[in-house]
Structure formats: C-alpha cells, structure tokens
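The structure appears below as structure tokens.
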Amino acid sequence: MRAMLLEKPRPAEENPLRLAELPIPEPAPGEIRVRVRACGVCHTDLHVVEGDLPLPKIPIVPGHQIVGTVDALGGGVSDFHQGDRVGVPWLYSTCGVCAYCRKGLENLCEQARFTGFHADGGYAEAMVVPSAFAYSLPGSFSDLEAAPLLCAGVIGYRALKLSNLQPGERLGLYGFGASAHIVIQIARHWRCEVCVFTRAESHRRLARHLGAEWTGEAGDAPPAPLDAAIIFAPAGKLVPDALGALRKGGTLALAGITMSSIPEMEYQLLYQERILRSVANSTREDVRELLSLAAEIPVRAEIETFQIPEANHALQNLKASKIHGAGVLVI
C-alpha cells in the first residue's frame with residue numbers, strides 16, 4: 001500500500017515525509033482494518049513531523065483524522081462489519097484500569113496510545129485500530145466533511161466544554177484554523193456572541209462569514225469582556241492578552257498540544273477568580289457527543305483537499321497559515 005512515511009523529523013519545508021510502499025497491515029484480535037478514504041491534516045501532525053514531540057515510534061505514518069471503510073476484522077470483533085464506514089481519531093487506545101480511566105478521564109490515561117504517534121495513522125491507504133476506538137459516522141457528512149470533525153472538531157468541542165461557556169455568553173477565539181472554524185458554529189448554535197482574534201484578514205473574513213460578532217488581532221480590545229476564551233494558536237504570548245480580555249471568573253482554555261513559553265505577567269491578570277487551564281486529548285464520549293451535535297447543527301467544514309503525495313505541501317501550507325478551514329488528504 002502507499003503511505004507517507006516519516007523516518008526522521010525535519011522541518012516541513014524539507015519534505016520530511018516520503019511516499020513509500022508498505023505491507024498492508026493485518027488486524028489483531030479486537031482490531032479492525034480500515035481502508036482509508038480521507039485523512040485530515042492537523043497541527044499535531046506538523047508537531048510530529050518536525051520533532052516538537054518526542055516520538056515513541058519511528059518510522060511512523062502520521063495522521064489521526066481518518067475516514068474509511070472496514071475491510072477486515074480481527075478475532076472477536078462484533079461491533080463493526082465489513083463495508084461499514086468509520087472514523088478514527090487521535091485517541092487510539094487506553095488501559096481502562098488506571099485511576100484516570102476509572103474516573104472517566106481516559107484522555108489522561110497513563111498508558112494511552114495515539115493514532116499517528118504510537119501507531120501508524122491515516123496518511124496511508126490502510127491502517128488498523130482497536131474496534132472500541134473507532135466510530136460510526138453520521139451519513140449526512142461526506143468523507144471529506146467528516147475528517148476534520150475527528151480532531152479539529154473534537155478537541156475544539158472539549159476546549160469549549162472546559163472553557164465553561166454557557167449559552168448566550170460571549171466567547172473569544174484566538175487563532176482561526178480548523179478547530180476554531182468548527183467551534184464558532186457550535187457557539188453560534190448555542191446563541192453565543194463570538195469574538196475572533198487572528199492576524200490574517202482572510203481568516204477574519206471567514207470568521208465573519210460564520211457569524212463572528214467582532215474580529216480583530218490579539219491585543220485589540222473586544223466590544224465587551226469575554227465570558228470564556230480559547231487559544232488555538234501555539235503561542236504562549238497570547239495568554240496575557242486573552243486574560244486581559246476576560247471578565248472576572250471567566251475561563252481561558254489552551255487547546256494546543258504544545259505551546260511556546262508563557263511570558264511572565266502581572267498576577268492581576270489572573271486575579272478575581274479567572275481560570276487558566278490546558279486541554280489534553282479527548283475521550284470517546286467527547287467524540288460521540290461531537291459527532292451527534294455536528295449532525296444536529298449541522299456543522300459544515302471549509303475544506304481544502306490534497307492528494308496523498310502532496311502531504312508535505314499540505315503541512316507546509318498549514319505551517320504558513322495558508323489553509324482556510326481544514327486541509328484534508330484524499331487517499
């Protein structure tokens with residue numbers, strides 16, 4: 001099968017992924033094999049290929065926003081059948097027995113494994129996954145539309161929940177890529193006013209098209225204090241700006257898997273019971289809730305497509321903020 005293989009982390013500009021021919025994987029007991037149709041391109045993929053995250057497996061096939069069809073079943077699998085359409089997100093497996101798993105916080109599992117990080121992912125024509133960590137997808141979404149929901153959508157949704165935003169409140173979004181352009185649709189469905197902070201005028205236009213009340217750049221003052229805010233950009237320097245725009249008792253959620261250093265700041269920015277918290281991974285329940293809600297709204301992802309040999313180019317465009325909405329590899 002064809003796959004884009006990372007053998008050594010390098011900057012995206014150096015084309016770190018190589019188009020390779022790999023054996024088609026065989027599903028072990030409890031696993032399914034997925035013939036991949038589409039795979040979203042995520043900032044986490046960029047962190048993987050550039051070595052921002054220590055890699056537990058090398059070489060590795062990246063990709064964790066996978067849509068495809070089940071074409072083989074491992075022993076004991078009864079929840080899917082050949083021909084079923086499924087989605088595979090970032091969370092690949094958990095131990096199920098650690099303190100975090102027992103508390104319903106499997107996103108923090110001590111033995112968690114992640115797709116395209118611990119196990120080969122979706123920048124390939126096929127991959128295998130435990131059936132308990134694959135999901136049936138709403139029929140209202142095409143393969144291309146469904147792919148960004150599986151990480152951009154899910155992480156955005158978890159960040160939205162952890163931001164403590166309530167219906168009708170004011171939300172600030174810092175950065176406006178794949179996650180934010182899905183989150184704004186959920187927030188608007190909840191009748192929230194949304195303020196978007198982003199450098200690119202093209203991203204501000206998309207935000208206004210999707211219902212943003214106000215757009216500007218980080219450091220600009222929104223029309224009124226924010227009840228909640230989410231930072232999607234991996235830039236720690238945005239934290240003081242976002243806290244400064246937040247009302248008393250408001251919550252700032254940091255949605256990135258990595259972020260540059262947060263600068264020293266005055267305690268007054270955090271005082272008055274403002275909350276600063278990170279967002280890590282997602283649970284299976286997050287995925288199920290997001291897929292149901294996305295179909296209800298319905299969420300419509302803005303898509304830019306790339307063929308599988310163009311994966312390096314897609315990551316380069318993502319790094320340069322040249323993708324408006326979500327990038328998706330067509331496998």
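The values are calculated or read from the model by the stated rules, or taken from the named source; none is laboratory data. This one's a predicted model, so the numbers in the text were calculated from it and none came from an experiment. Heads up, the Cβs are rebuilt from the backbone with ideal geometry, glycines too, and the neighbour counts pull from every protein chain shown.
Restricting segment 12-27 to residues that are in a strand (DSSP E or B) and touching a residue at least 40 places away in the same chain (Cβ under 8 Å), the residue that is surrounded by the fewest Cβ atoms within 10 Å (Cβ to Cβ) is L19. Check segment 245-268 and report whether any residue there is surrounded by 18 or more Cβ atoms within 10 Å (Cβ to Cβ), among the charged types (D, E, K, R) and not assigned by TED's automatic domain parsing to the domain that holds D52. Looking for residues that are surrounded by 18 or more Cβ atoms within 10 Å (Cβ to Cβ), among the charged types (D, E, K, R) and not assigned by TED's automatic domain parsing to the domain that holds D52, one finds none in segment 245-268, hence no.
Filtering segment 287-301 to residues that are under 18 Å from I184 (Cβ atoms) and either among the basic types (K, R) or touching a helix residue (DSSP H, G or I) at 6+ places or on another chain (Cβ under 6 Å) (or both) leaves L290, A294, I297, V299, R300, A301. One residue alone among S142, S179, S163 is among the hydroxyl-bearing types (S, T, Y), under 30 Å from I58 (Cβ atoms) and at pLDDT 95 or above, and that residue is S179. Of everything in segment 187-225, what is closer than 19 Å to R158 by Cβ and buried (at least 21 other Cβ atoms within 10 Å of the Cβ)? Give them in sequence order. The answer is A187, C192, V194. In summary, helices (runs of 4 or more DSSP H) completely within segment 75-194 and bearing 2 or more residues that are touching a Gly at 6+ places or on another chain (Cβ under 7 Å) and either under 19 Å from D45 (Cα atoms) or not assigned by TED's automatic domain parsing to the domain that holds E289 (or both) occur at 178-189. Answer yes or no: is there a residue in segment 201-210 that is among the acidic types (D, E) and at pLDDT 95 or above. No.
Can you tell me which residue among P9, P62, P56 is modelled with pLDDT of 95 or more, farther than 26 Å from K322 by Cα, under 23 Å from the mean Cα position of the chain (by Cα) and not in a strand (DSSP E or B)? Of the residues listed, the single one that is modelled with pLDDT of 95 or more, farther than 26 Å from K322 by Cα, under 23 Å from the mean Cα position of the chain (by Cα) and not in a strand (DSSP E or B) is P56. So is E304 on the phi > 0 side of the Ramachandran plot and either under 18 Å from the mean Cα position of the chain (by Cα) or surrounded by fewer than 14 Cβ atoms within 10 Å (Cβ to Cβ) (or both) or not? In short, no.
Can you pull out every residue in segment 248-287 that is in a helix (DSSP H, G or I) and under 22 Å from P225 (Cα atoms)?
Looking only at segment 248-287, we keep the residues that are in a helix (DSSP H, G or I), and these are 267-269, 284-287.
Within segment 248-287, Y267, Q268, L269 qualify.
Note on segment 196-215: among residues that are out of contact with any Gly (no Cβ under 9 Å at 6 or more places or on another chain) and assigned to a strand (DSSP E or B), the one that is farthest from I323 (Cα to Cα) is W214. Among residues of segment 161-174 that are crowded, with 24+ Cβ neighbours inside 10 Å, those with a Cβ under 7 angstrom from a residue that is of a type in the set (S, T, N, Q), sequence gap 6+ or separate chain, pair up as S163/T251.
Being within 30 Å of V34 (Cα to Cα) and at pLDDT 95 or above, is that true of even one residue in segment 185-193? Before the answer, list the steps.
Keep residues of segment 185-193 that are within 30 Å of V34 (Cα to Cα), which gives 185-186.
Narrowing the set further to residues that are at pLDDT 95 or above leaves 185-186.
Within segment 185-193, one or more residues are within 30 Å of V34 (Cα to Cα) and at pLDDT 95 or above.
Out of curiosity, is L290 closer than 25 Å to C42 by Cβ, outside any loop (DSSP other than H, G, I, E, B) and outside the structural domain of E169 (by TED's automatic domain parsing)? Yes; evaluated as a whole, the condition is true for this residue.
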